[in-house]
Amino acid sequence: MGALIYAVIISFVLSLVAGVVAIPMLRRLKFGQHVRHEGPQSHLKKAGTPTMGGVIFLIPICIASLLLVRGSLDFMLAALLVMLGFGIIGFVDDYIKIAMRRSLGLKAYQKMLAQITIGVVFSFYAYTHLGSTVTIPFFKWEWDLGIMYIPLMTFVIVGTVNSVNLNDGLDGLASGVTLIVAATFSILAASLASSMRQEGLEYLAVNYRNLMVFAGAVTGGCLGFLRFNAYPAQVFMGDTGSMGLGGAVVALAVLLKLPLFLPIIGGVYMAEALSVMIQVAVYKLTGKRVFRMSPLHHHFELGGMSEPKVVTMFMIATAVLCLIGLLAI
């Protein structure tokens, strides 16, 4: 458990230092946020706020994780590569938006192709190293998905990353919610590492211990980034950060064999994604809107809630769902 605490502290401190260094640099480079006019009008004042701030916590997460890794590097490296892989897709997307003044960044098919590629490769890795079983919440059962594991996990991976990306729409929202989710995964990883060690499965015990460290580093990175991203934000994480965090969350879920827990622990992410799908589907069918605006956080914001209050509400919901997730195992 000491390694978990050190991971949180090291990543937190490095993120604070990185923020102090990176934010003035992003301002000098004029890497400012482009705000779409079809969004909430109150957000127009945020135009020009430095973006691509995901580097502020992604690099510290890597450093803290690698400093504290012990024994087998297998799962740790897989999680880091998935996080960085999706972070790089987000970085390219952000760069195109800023350098080429194209508000939507990468074209949809380009982004999806890159995401699916990482999803398939990671799913195949998990299939060959962990098998095709996943744990069912609230039961001590494992469900064997067989060869369907790879396409189903690819769907989960791509869906989760895009859901976390949608969650990044208010100051401190994605970092605050993911802080709680990552902390929960660190507890789950620690518990599973202890169980594996008692059962004599040392390979899994060591790798789960390292995933605990990785989850702690993600927690600390988000905590440090919140110093600069809380309302009113001095910097935005951009797709660099939101897609990187999505990769980190889903890597933890898959490697811990807990992807079926994501609808519980990541319930806020799922609600955000579902709100978009429902809004689009109903509007195309009836011409009417279910929500004032999607994703869901904009619905509450346009209903009169202040931005900090919406973020606080979503963080509280995440904390409650994470407690349920802990009970589910």
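The values are calculated or read from the model by the stated rules, or taken from the named source; none is laboratory data. All values derive from a computational prediction rather than experimental measurement. Here Cβ is always computed from backbone atoms with ideal geometry, including for glycine, and neighbour counts include all displayed protein chains.
Side notes on the structure shown:
- Elements of type helices (runs of 4 or more DSSP H) contained in the stretch 213-308, each with 3 or more residues being among the aromatic types (Phe, Trp, Tyr), on the phi < 0 side of the Ramachandran plot and in contact (Cβ under 8 Å) with a residue 40 or more places away in the chain: none
- Restricting the stretch 30-53 to residues that are over 20 Å from residue 307 (Cβ atoms) and either surrounded by 13 or more Cβ atoms within 10 Å (Cβ to Cβ) or in contact with a Phe, Trp or Tyr (Cβ under 9 Å, 6 or more places away or on another chain) (or both), the residue that is modelled with the highest pLDDT: 52
Rundown of residues vs (1) crowded, with 18+ Cβ neighbours inside 10 Å; (2) touching a helix residue (DSSP H, G or I) at 6+ places or on another chain (Cβ under 8 Å), yes/no style:
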site: 80; (1), (2): yes, yes
site: 86; (1), (2): yes, yes
site: 94; (1), (2): yes, yes
site: 108; (1), (2): no, no
site: 112; (1), (2): no, yes
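- Count of the stretch 210-234 residues which are under 15 Å from residue 11 (Cα atoms) and either surrounded by fewer than 18 Cβ atoms within 10 Å (Cβ to Cβ) or in contact with a His (Cβ under 6 Å, 6 or more places away or on another chain) (or both): 1
- Verdict on residue 98 being assigned to a helix (DSSP H, G or I), over 14 Å from residue 250 (Cβ atoms), in contact with a Phe, Trp or Tyr (Cβ under 7 Å, 6 or more places away or on another chain) and of a type in the set (A, V, I, L, M, F, W, C): yes
- The residues in the stretch 130-140 that are in contact (Cβ under 8 Å) with a residue 24 or more places away in the chain and touching a Phe, Trp or Tyr at 6+ places or on another chain (Cβ under 8 Å) can be counted, and the count is 5.
- Among the residues making up the stretch 179-215, those that are β-branched (Val, Ile, Thr) and closer than 21 Å to residue 327 by Cβ are 180, 181, 184, 187.
- Residue 119 being surrounded by 21 or more Cβ atoms within 10 Å (Cβ to Cβ) and free of Cβ contacts under 8 Å to residues at least 60 places away in the same chain: yes
- The residue of the stretch 173-209 that is surrounded by the most Cβ atoms within 10 Å (Cβ to Cβ), among those that are under 24 Å from the mean Cα position of the chain (by Cα) and among the aromatic types (Phe, Trp, Tyr), is 185.
- Restricted to the stretch 68-122, and to residues there that are within 18 Å of the chain's Cα centre (by Cα) and of a type in the set (Asp, Glu), the residue that is nearest to residue 152 (Cα to Cα) is 93.
- Pairs linking a residue in the stretch 309-326 that is within 11 Å of residue 264 (Cα to Cα) to a residue that is of a type in the set (Ser, Thr, Tyr), with Cβ atoms under 8 Å and 6 or more positions apart or on different chains, are 322/184; 325/184; 326/184.
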